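Below is one structure, written out as structure tokens; the observations come after it.
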Amino acid sequence: MAEVVLKNVGKKFGDVVAVDDFSLTIRHGEFMVFVGPSGCGKTTTLRMIAGLEDITSGEIFIDDRKVNHVPPKDRDIAMVFQNYALYPHMSVYQNMAFGLKLKKVPKDEIDRRVGETAAMLGILDFLKRKPKELSGGQRQRVALGRAIVRTPKVYLFDEPLSNLDAKLRVQMRLELKKLHEQIGTTSIYVTHDQIEAMTMGDRIVVMKDGRVQQVGEPLEIYMHPVNRFVAGFIGSPTMNFIEGVRVEKEGEDLFVITEGLRLPVAAEKREALAPYAGREITLGVRPEDLSETEFPDAPGAFTAFVEVVQPVGNQIYVDVRVGGRDLLASISPQSRVKTKQDILLKARLENLHFFDADTEEAIG
Amino acid sequence: MRSGNAGGGALKAPPVGLLQRKGVLGFLFTLPADIILLLLLAYPFVLGIWLSFTNTIIGRSGSFVGLENYIDLFHSDVFWLTAFNTVLYTVVAVFFKLILGFGLAIVLNKDFKGKGLIRAIVLLPWIVPTALSTIAFWWIFDSNFSCISWLLMHLGLMSHPIDFLGSPVNARISVIIVNIWRGIPFFTIGLMAGLQTINQTLYEAADIDGATPWVKFKSITLPLIMPLLAVITTFSIIWTFADFQLIWIMTRGGPDNATHIFGTFSFQRAIAGGHLGEGAAISAFIFPVLFISVVITSKFLKREA
């Protein structure tokens with residue numbers, strides 16, 4: 001177990017800034033997920049922690065030891081690669097034992113540790129096989145096993161599940177999480193899949209263009225994204241954004257108004273939004289915060305025209321048009337909604353998100 | 001064209017004609033290649049073997065003499081010297097080509113400025129016609145005008161020129177050096193292609209596992225490149241063992257037969273000397289060695305795969 005601290009870490013490839021001023025403290029035993037679109041610098045950051053990439057600026061500490069110039073093997077880490085990086089000419093046993101052998105661990109100790117780990121991962125029957133004789137899921141387990149037998153201070157995962165099919169991915173996600181609860185070692189996990197991030201992370205770092213956008217627990221990020229990018233990246237289906245929404249003050253009350261839509265602002269957001277009265281902002285509504293209603297006078301209710309209905313089982317995704325804009329609503333499967341008809345929708349007012357039109361920062 | 005045959009017959013299996021039989025059709029498809037192989041490879045090969053059992057000389061068809069040519073060779077000192085030279089030439093040259101070519105491949109596989117140009121330059125000895133480059137070496141090794149001797153003498157390191165091709169030991173070393181020079185690019189380019197197919201993350205995984213550069217070479221690079229290395233080495237053994245033009249241009253087998261190898265010795269007897277039967281018998285000795293090395297390599301490859 002170890003604490004990993006990054007202080008103002010930066011990475012440049014020539015003139016290209018890959019990671020910019022990354023600061024973060026990863027606590028003992030924490031499962032930290034770096035998430036973001038391709039090229040956001042998450043993998044580069046992980047590789048800097050691993051020692052596979054030089055650090056251009058800043059400092060990295062593992063357990064209070066500065067590791068900027070410590071070679072990977074002396075950082076007491078283990079890494080699971082996206083393509084598994086199993087040694088193709090070695091058996092599963094040899095793959096798992098390789099690092100221990102190089103550390104001059106006695107043979108019977110290696111046997112015991114490989115045996116225990118293989119049993120835990122359910123790959124005991126494959127120890128003599130070569131990687132090419134295994135399925136994708138089995139290889140994934142071997143790659144995990146190779147990391148686990150070394151009992152490092154920190155596990156580093158570089159998109160380890162992205163080569164698996166969707167079903168196996170969900171299964172391995174669960175197993176990895178169980179494994180982490182069992183072993184409890186500090187883990188850093190890189191993914192571009194926000195569902196993986198939400199389901200696995202104790203905390204999440206959302207990155208974009210080499211910069212940290214937000215750090216927090218999954219639900220905190222979901223409920224209170226700090227800017228429009230995070231709001232759009234986290235959550236599925238994606239949040240609806242409506243640009244050019246006017247803020248208007250009527251007595252004590254604030255309204256956000258656009259064509260076909262007039263929504264009262266919830267009391268707790270009123271103070272933050274008040275300075276924007278008379279100006280335009282961007283409104284964010286998650287599809288799941290829109291529901292069907294029978295009461296046209298209810299606060300937050302509005303009429304929309306149904307374009308497409310997509311039932312997914314536990315929900316129905318409805319593409320609607322309001323005042324010339326497309327919105328997605330995720331409504332109850334009991335709904336009798338039909339295409340090319342009007343539908344009465346209601347927004348959950350306390351869950352509306354407001355973003356500054358220029359800075360795209362969240363308001364309130 | 002069965003599409004016109006609408007109705008009940010659609011599901012009936014077509015009659016198996018001669019062409020539909022797997023063996024026949026396959027044979028027909030490979031026939032053009034078979035004919036080319038027969039004409040260009042099998043016929044000269046069989047003819048050569050046949051000639052080695054006759055006393056044919058140029059301009060006169062000979063008669064069957066059984067193993068006489070072979071028996072004569074076994075009693076000839078020059079033949080045994082040639083056999084020794086051939087093995088020495090092959091073993092030493094291939095050994096150094098492998099070591100130096102592999103080393104160069106590893107160095108050139110690294111990322112550095114101007115690597116494209118350097119890689120192209122490395123190929124030069126291979127693409128320049130041997131006859132041409134060997135003539136250059138002939139001059140470099142000339143007993144009077146050698147630039148190496150000239151340089152060493154002007155530096156005050158020597159008092160008289162080195163007789164590169166005049167003494168048996170010097171001549172052997174010289175031709176082997178030229179062969180190594182010419183053969184390195186083949187190893188370098190071939191192995192470099194192989195090195196590039198090795199997944200880089202394996203080395204990163206090994207870095208984290210604590211492998212030193214030597215361990216990475218021994219435990220990852222070498223095992224993964226071994227099949228390719230075996231093929232390249234076999235080819236090099238075949239070409240070196242059956243070499244001809246390099247030695248013919250530089251020494252013609254001399255001095256005193258010290259650099260004769262099977263190829264040059266056979267040519268000297270058969271074409272220059274006119275004794276086709278005897279020359280064919282000499283070149284027949286090349287075949288078993290090549291055959292054995294091919295068998296060993298293919299066995300090795302099968303085990304790897």
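Every number in this text was worked out from the coordinates using simple rules, so none of it is lab data. Computed from a predicted model, the values in this text were never measured in an experiment. Note that each Cβ is placed from the backbone with ideal geometry, even for glycine, and that neighbours are counted across all protein chains shown.
Side notes on the structure shown:
- Placed amide H near residue A:31: partners under 5 Å, 5+ positions off or other chain: A:187, A:202, A:203
- Residue with peak Gaussian network fluctuation, chain B [Cα springs, cutoff 10 Å], from B:295, B:215, B:107: B:215
- A simple charge model with +1 on the Cβ of Lys and Arg, -1 on the Cβ of Asp and Glu and nothing else charged puts the dipole of the stretch A:1-55 at about 80 debye relative to its Cα centre.
- What the phi angles of the stretch A:251-256 give under the Karplus curve with 6.51, -1.76 and 1.60, with θ = phi - 60°, is a coupling list of x, 7, 8, 10, 10, 10 Hz, glycine and proline written as x.
- Membrane-span-like helices of chain A, defined as complete DSSP H segments with a Cα extent of 20 Å or more along the helix axis and a mean Kyte hydropathy of at least -1.0, are identified as A:107-121, A:166-183.
- Counting Lys and Arg as +1 and Asp and Glu as -1 over every other residue whose Cβ lies under 15 Å from the Cβ of residue B:92, the net charge comes to +2.
- In the protein assembly as shown, helical runs assigned H by DSSP with n ≥ 4 each contribute -39500 (n - 2.57); averaged across all residues and rounded to the nearest 500, the mean residue ellipticity at 222 nm is -13500 deg cm²/dmol.
- The distance from the alpha carbon centre of the stretch A:182-201 to that of the stretch A:9-46 is 15 Å, rounded to a whole number.
- Trypsin sites (Lys or Arg not before Pro) within the stretch A:315-346, DSSP loop, no more than 14 other Cβ atoms inside 10 Å: A:336, A:338, A:340
- Going by neighbour counts of Cβ atoms within 10 Å, the residues B:142, A:54, B:207 line up, fewest first, as A:54, B:142, B:207.
- Net charge of Cβ neighbours under 10 Å - reference residue A:40; Lys, Arg +1; Asp, Glu -1: +2
- Cα centroids of the stretch A:71-101 and the stretch B:105-152: 41 Å apart.
- Euclidean distance of C-alpha centroids, the stretch B:165-214 and the stretch A:298-325, integer Å: 67
- Pairs spanning more than 31 Å between alpha-carbon atoms, out of A:7/A:132; A:130/A:153; A:178/B:216; A:12/B:218; A:167/A:269: A:7/A:132; A:178/B:216; A:12/B:218; A:167/A:269.
- Note on chain B: GNM, Cα springs under 10 Å; of B:20, B:200, B:245, the largest mean-square fluctuation is that of B:20.
- Percentage relative contact order, chain B, counting C-alpha pairs under 8 Å, at least six apart: 26
- Chain A: most fluctuating residue of A:33, A:70, A:205 per GNM, C-alpha cutoff 10 Å: A:70
- Computed over neighbours whose Cβ is under 12 Å from that of residue B:250, the net charge equals +1, Lys and Arg +1, Asp and Glu -1.
- Above-threshold pairs, the threshold being 30 Å between Cα atoms, out of A:73/A:107; A:11/B:110; A:249/A:338: A:249/A:338
- Rounded if a/c under 1.5, otherwise prolate or oblate - the stretch B:78-304, Cα gyration tensor axes: oblate
- Here the Karplus relation 6.51 cos²θ - 1.76 cosθ + 1.60, evaluated at θ = phi - 60°, turns the backbone of the stretch B:259-271 into coupling constants of 10, 5, 10, 3, x, 6, 5, 4, 5, 4, 5, 7, 8 Hz, with x for every Gly and Pro.
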